[in-house]
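A.B. asks: One structure, pasted below without further comment.
The values are calculated or read from the model by the stated rules, or taken from the named source; none is laboratory data. Every value quoted in this text rests on a predicted model; they were computed, and no experiment measured them. Surface areas here come from the heavy atoms of the whole protein model, side chains and all, with no ligands, DNA or RNA. Shrake-Rupley method; radii C 1.70, N 1.55, O 1.52, S 1.80 Å.
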Amino acid sequence: MWSLALSDTCFDEEDAHVLSNVLESGWVSMGALTEKFERRFADFINVKHAIAVSNGTAALHLACESLNIGAGDEVIVPSLTFVATANAVLYAGATPVFADIQGARDLTIAPEAIENCISPRTKAIVVVHYAGYPCNMTAIMAIARRHNLHVIEDSAHAPGATHGTLNCGAIGDIGCFSFFANKNMTTAEGGMLTTNRTDLAQRIRCLRSHGMTSSTYDRHRGHAYSYDVTALGYNYRIDELRSALGLRQLGKLAQWNAQRRALWSYYRDALDDIDALAIPFRDHEGQGVHHIFPILLKHADCRPQFMSALKSHGIQTSIHYPPVHLFSYYRRTFGFRAGMLPNTEMAASREVTLPLYPGMEIEDIDRIRACIKKFFRNKRAVQPAMTGSVAGTLGTKGL
Ligand SMILES: *Cc1c(COP(=O)(O)O)cnc(C)c1O
């Protein structure tokens, strides 16, 4: 269907070999490989503790629960994110409060917007390192300290991204990662929490498996005979197959992230002279991990034609994201309306995500550029009047 898909997985024969070894070993749920995966991931992010779970959403939910976020609490979240970021807050019984993004140049949550959302009930901030670009963590951590708030970093897009000397996922109280199929590294389904706080790590380990004080693996190794249940936990366990795959993927992540970076800078230069679009994060100083390649169209109303023009050439595109506060569930439950978050809504209505993954070729980007150029050339030929209004909507070139 697609000659150029939005993203691609990257497995090899050794992965298949490693998976079949796990099956042969006879121990398939959490065990030694999971412990090793957690240790390696903690070292990679440079934190004391990493706890593997079944997916990124489970990681976010456990992050909220372990920080005792619950009924009556408010948690500040961006709306320009995958719905799971906000859903996790609701699972914990708390209320998400949506803060706007910085603007067209930087699609991450705005520190000033966070500050404006703070109330006596605010307990935490969940930031999202959108597309793999770190949020302004210096300003956000200062706000959190000033108001005594917890910080959860939704780092689903950002394994390996750094902010100053720290890794995304090592800056706030807890980092949450996803290893879903389209992420920078994948275990098919999977997730990870990272933290430097030993108290939180213990609580998360307990909540991950039914609130039990010992695991099947502990008892298998003769470390325990029985167990107590000390909290209302969940089954958010990962398994040895996924952990084996995770170890393989983690070993290749740095190289893949470097490939993403090289493709990203080629892309940016290739699209830079097209006036009808803008490239968020184009002046980004380069510590992001380029999870996706978002562009903003100057005219929101041409997005469907733009996407179908690329589709007709076999090029898959997507939208990151329809804003969470405008989903019908959120509108119905909280009475949210369009106009609440101007920057988020501006970006969400114009955003198109172009293909980006490590195995992509420079020629693929050239082909995308040619298709985009052709689209806008044809559009100008049909609607010459449009050009006059281009500058008005998003300002001058580069926004
Ligand atoms: C993928 C993703 C999640 C959820 O991860 P799953 O592993 O699919 O549960 C959460 N937040 C963001 C920003 C994501 O991109």
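A.B. asks: For the stretch 18-106, rounded, prolate or oblate, judged on the Cα gyration tensor with a ≥ b ≥ c (square roots of eigenvalues), a/c < 1.5 rounded, else prolate if a/b > b/c? Walk me through the numbers on the way to the answer.
C.D. replies: Details: a/c = 2.53, a/b = 1.97, b/c = 1.29.
Prolate is the answer for the stretch 18-106, as a/c is 1.5 or above and a/b outweighs b/c.
A.B. asks: Another one. Tell me, what is the per residue accessible area of the chain in Å², probe radius 1.4 Å?
C.D. replies: Details: 16800 Å² over 399 residues.
On a per-residue basis, the chain sits at 42 Å².
A.B. asks: Of the cross-linked pairs 183/373; 36/123; 252/311; 36/183, which ones have a Cα-Cα span greater than 23 Å in the structure shown? Display every interim value, and only then the final one.
C.D. replies: Working: 183/373 29 Å; 36/123 33 Å; 252/311 31 Å; 36/183 21 Å.
Flagged as over cut-off: 183/373; 36/123; 252/311.
A.B. asks: Let me ask another. In terms of solvent-accessible area of protein heavy atoms at a 1.4 angstrom probe, what is the ranking of 256, 2, highest value first?
C.D. replies: Working: 256 20, 2 90 Å².
Reading off the accessible areas and sorting them downward yields 2, 256.
A.B. asks: Carbon and sulfur together cover what percent of the accessible area of the chain at a 1.4 Å probe radius? Display every interim value, and only then the final one.
C.D. replies: On the way: 8770 of 16800 Å².
In the chain, the share of accessible area belonging to carbon and sulfur is 52 percent.
A.B. asks: How large are Rg and Dmax for the chain when calculated on the C-alpha trace, in angstrom?
C.D. replies: Every Cα atom of the chain included, Rg and Dmax give 21.9, 78 Å.
A.B. asks: Please work out whether the stretch 260-314 counts as rounded, prolate or oblate from its C-alpha gyration tensor, where a ≥ b ≥ c are the square roots of the eigenvalues and a/c under 1.5 means rounded, while otherwise a/b larger than b/c means prolate and anything else oblate? Spell out each step's value before the answer.
C.D. replies: Working: a/c = 2.20, a/b = 1.68, b/c = 1.31.
Judged from the Cα gyration tensor, the stretch 260-314 comes out prolate (a/c at least 1.5, a/b above b/c).
A.B. asks: Rounded if a/c is under 1.5, else prolate if a/b is larger than b/c, else oblate: which is the stretch 290-363, with a ≥ b ≥ c the root eigenvalues of its Cα gyration tensor?
C.D. replies: Here the stretch 290-363 falls in the prolate category.
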